[in-house]
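Q: First, the structure itself, so that you have it in front of you.
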Amino acid sequence: MLILWISKMFSSALLVFSLVQLCPALPVSQKHLLSCCDSADPVDNCLYTTQSSEAEAEMSTGNLVPTHFPARRAAQVALHYINTRHGSPFKVFGLQQVHEARAQEVAGGGRKYYLDFSVVDWASEGSAAFRCSAEVFFPRRDEAAPPEVQCSCEALQHINCTAEETAFYRKYSEAEHAVTAHNIPGNYGNMTEEMKPFWHLARVASSFIMLRESTENTEFNMAQVASVAQQANLEEQLMLKYHVLLHDMPSQEIIHWKLSMSWSPNEGVRVMETELQPKCPHAMPPKSTEPVSSSSALN
């Protein structure tokens with residue numbers, strides 16, 4: 001009996017040792033995991049906040065490889081700037097290609113990027129590419145200031161969506177029932193035609209946040225509209241409240257924001273309030289108190 005008991009104990013110890021071998025500890029670079037997951041999260045998964053080694057690497061100066069992270073990230077910031085100036089329910093721009101990029105250190109700190117790139121209008125099928133040039137300045141990290149952008153895209157001035165915008169504005173400003181929707185696009189990437197203009201508006205409004213929050217180590221894009229709710233019209237403006245999910249490519253983090261915005265064909269997009277949502281239900285989100293700029297369909 002003693003021999004049988006010893007044999008069972010040895011087998012149990014061997015099994016535990018095997019399981020430990022199959023489940024090694026996380027490396028140090030993988031230990032920054034989100035401490036809680038919300039089962040009601042539209043993304044429906046746990047989010048990692050590990051930093052990209054590529055983003056942590058020292059940024060290069062001089063001529064940059066157009067397809068690499070530093071050039072693409074700076075062009076994405078310029079793209080957010082373009083959307084805040086030219087975006088609407090029927091105009092929202094995406095980055096097509098970076099043609100040339102150059103970076104230099106700036107006296108007093110910070111880095112400036114010189115970019116030649118192309119954008120396309122996601123809202124229009126078969127849209128031609130528009131060539132743009134931009135200068136993007138990232139302040140020193142300890143300044144905690146948003147990037148500064150100067151951008152020229154003269155061809156964008158000639159895009160005219162006045163008829164579509166006017167029809168859209170009249171339809172929803174005079175509607176008997178306020179628009180509400182969740183998860184745009186859905187889990188399989190589906191989106192109804194009716195919701196596309198609201199998705200475009202969310203993308204434009206999110207560009208105000210993404211432009212303000214961008215640094216040399218981020219590359220933001222809007223992943224999904226978790227919810228949208230139309231509010232009562234105010235001063236001949238369509239009023240909307242959004243809950244949006246922003247994706248940071250280097251860290252693979254999904255960041256939740258709520259925002260209140262207005263839009264009309266004459267005034268363009270205005271973002272009145274933004275609120276970062278907590279990663280965990282018990283956390284308190286900070287509210288943005290600084291004023292947010294507006295886009296104008298007249299630009």
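The values are calculated or read from the model by the stated rules, or taken from the named source; none is laboratory data. On a predicted model such as this, the values are computed, not experimentally measured, just so you know. Neighbour counts are summed over all protein chains in view; Cβ atoms, including those assigned to glycine, are modelled from backbone coordinates with ideal geometry. What goes into the accessible areas is simple: the full protein's heavy atoms, side chains included, and nothing from ligands, DNA or RNA. Shrake-Rupley method; radii C 1.70, N 1.55, O 1.52, S 1.80 Å.
Q: Look through segment 190-213, keep the residues that are outside any helix (DSSP H, G or I) and either touching a helix residue (DSSP H, G or I) at 6+ places or on another chain (Cβ under 8 Å) or of a type in the set (V, I, T) (or both), and return whichever of them is most open to solvent (accessible area, probe 1.4 Å). I'd like the intermediate steps shown before the answer.
A: First, the residues of segment 190-213 that are outside any helix (DSSP H, G or I): 190-195.
If we keep only those that are either touching a helix residue (DSSP H, G or I) at 6+ places or on another chain (Cβ under 8 Å) or of a type in the set (V, I, T) (or both) too, we end up with 191-192.
Working: M191: 58, T192: 82 Å².
Within segment 190-213, the match that is most open to solvent (accessible area, probe 1.4 Å) is T192.
Q: Would you point out which residue out of E125, E143 is without any contact (Cβ under 8 Å) to a residue 24 or more places away in the chain, under 30 Å from A101 (Cα atoms) and of a type outside the set (S, T, Y)?
A: Working: E143 fails: without any contact (Cβ under 8 Å) to a residue 24 or more places away in the chain.
Every option except E125 fails the conditions.
Q: Let me ask you something else. Restricting to segment 238-260, name every residue that is crowded, with 19+ Cβ neighbours inside 10 Å and among the polar types (S, T, N, Q).
A: S251
Q: Any residue at all in segment 162-172 that is more than 27 Å from T274 (Cβ to Cβ) and among the hydrophobic types (A, V, I, L, M, F, W, C)?
A: So far as segment 162-172 goes, yes, one or more of its residues are more than 27 Å from T274 (Cβ to Cβ) and among the hydrophobic types (A, V, I, L, M, F, W, C).
Q: So, one more: Could you list all residues from segment 211-231 that are among the charged types (D, E, K, R) and farther than 17 Å from N83 by Cα? Spell out how you get there, then give the answer.
A: Let us first name the residues in segment 211-231 that are among the charged types (D, E, K, R), namely 212-213, 216, 219.
Matches in segment 211-231: E216 only.
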